[in-house]
Ligand code: ASP
């Protein structure tokens with residue numbers, strides 16, 4: 001009698017277990033590849049950013065996304081996808097990186113960029129560069145072709161030139177829009193960095209971020225973007241993160257690494273960790289901004305405590321979205 005009871009209990013538990021598995025088939029499917037990107041976060045409202053402008057931004061986000069997707073689909077690596085996607089956004093004057101970089105208080109462009117690979121924690125970055133057309137590519141060269149992690153100013157430019165990267169006259173970075181933005185020091189112009197995080201077919205993660213920094217910043221000010229662990233981080237054990245926002249807060253709260261650490265040491269899921277850092281810790285500190293992230297299983301987080309964040313993602317499973325406001 002007792003034996004029968006135990007047997008039926010075991011059977012009932014097995015049925016429950018199997019049916020719960022079959023009810024959630026989606027959760028067990030890991031996408032082959034995932035790409036998430038951002039074009040900066042800010043407090044612009046619907047009136048500051050009219051319908052036409054929104055459409056224009058969405059078109060550019062879609063084109064950037066397609067570049068990365070095609071690379072990943074055809075078996076390219078996370079590094080290739082991050083570089084080419086960010087290159088496209090750096091060349092587009094709409095975003096605050098490369099061509100569209102904002103101006104410092106004294107009317108110059110000083111750009112920062114960084115890259116990190118989750119497979120072996122290699123990283124590279126450049127800061128305060130004013131003549132490298134594509135700062136993310138310079139950051140990658142620092143990672144692959146030097147023994148350093150972070151190069152600044154003239155030294156970074158000289159290194160980039162030796163590496164064969166395109167050096168441009170500083171006038172290349174002039175756009176009327178950014179110049180007027182400096183003159184008005186519009187609040188909503190403050191953030192606009194670009195970033196991209198990827199999980200590739202080989203299970204590797206990478207994160208890249210590139211920015212002109214914050215409008216009206218002091219010259220030689222360094223933000224979170226080139227600081228590994230603050231504005232950018234990747235680790236195959238956890239996730240890849242790219243941040244945008246008020247850099248000083250992201251440095252002080254080591255935002256990108258904090259999200260990874262909460263997953264690694266506290267066992268939080270990616271979305272729990274991202275929410276805790278961006279929506280609680282940063283909000284409590286009045287630190288404005290957001291992050292995009294992908295974890296080793298292809299889960300994603302696009303979290304921001306501002307009105308809007310230009311953002312897009314695509315998974316090999318067909319899931320896709322491009323958005324600006326909440
Ligand atoms: N985080 C960047 C910085 O502080 C700016 C931004 O993301 O808009 O330099």
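Any read-out appearing in this document is the output of simple, stated calculations on the displayed coordinates, not a laboratory observation. The shown structure was predicted, so the numbers you read here are calculated from the model rather than taken from an experiment. Here the Cβ is made from the backbone with ideal geometry for all residues, glycine too, and neighbour counts use every protein chain on show.
For the chain, modelled as a GNM whose springs connect Cα atoms under 10 angstrom apart, the maximal fluctuation among 126, 142, 197 occurs at 142.
Here the Gaussian network model covers the chain, with springs between Cα atoms less than 10 Å apart; of 87, 180, 96, 180 fluctuates the most. Between segment 29-67 and segment 199-254, the alpha-carbon centres lie 18 Å apart.
Each peptide in 66-73, 250-257, 209-216 receives the mean, over its residues, of other Cβ atoms within 10 Å, and ordering these scores from highest gives 209-216, 250-257, 66-73. Taking the helices alone, the chain has a mean residue ellipticity at 222 nm of -11000 deg cm²/dmol, built from -39,500 (n - 2.57) per DSSP H run of at least 4 residues and averaged over all its residues. Placing R0 at 41 angstrom, the Cβ-Cβ distance between residue 201 and residue 176 gives a FRET efficiency of 0.45 after rounding to 0.05. To the nearest ten degrees, helix 2-23 and the longest principal axis of the Cα atoms of the chain are 30 degrees apart. Oblate is the label for segment 82-139, because the ratio a/c of its alpha-carbon gyration tensor axes (a ≥ b ≥ c) is 1.5 or higher and a/b is not greater than b/c.
Can you list, largest first and rounded to whole Å, the semi-axes you get for the chain by taking the square root of 5 times each eigenvalue of its Cα gyration tensor? Could the numbers behind the result be given before it?
Details: eigenvalues 292, 88, 66 Å².
Listed largest to smallest, the semi-axes of the chain are 38, 21, 18 Å.
Once both labels are positioned 7 Å from their Cα atoms along Cα-to-Cβ, the gap between residue 108 and residue 154 label points is 1.1 nm. Inter-label distance, residue 237 to residue 168: 4.0 nm, where each label sits 7 Å from its Cα along the C-beta direction. What residue among 224, 295, 258 has the largest mean-square fluctuation in a Gaussian network model of the chain, using Cα springs under 10 Å? Comparing 224, 295, 258 in a Gaussian network model of the chain, the most mobile one is 258. Under the simplified labelling scheme, the residue 319-residue 73 pair shows an inter-label distance of 1.9 nm, with each label point 7 Å from Cα along Cα→Cβ.
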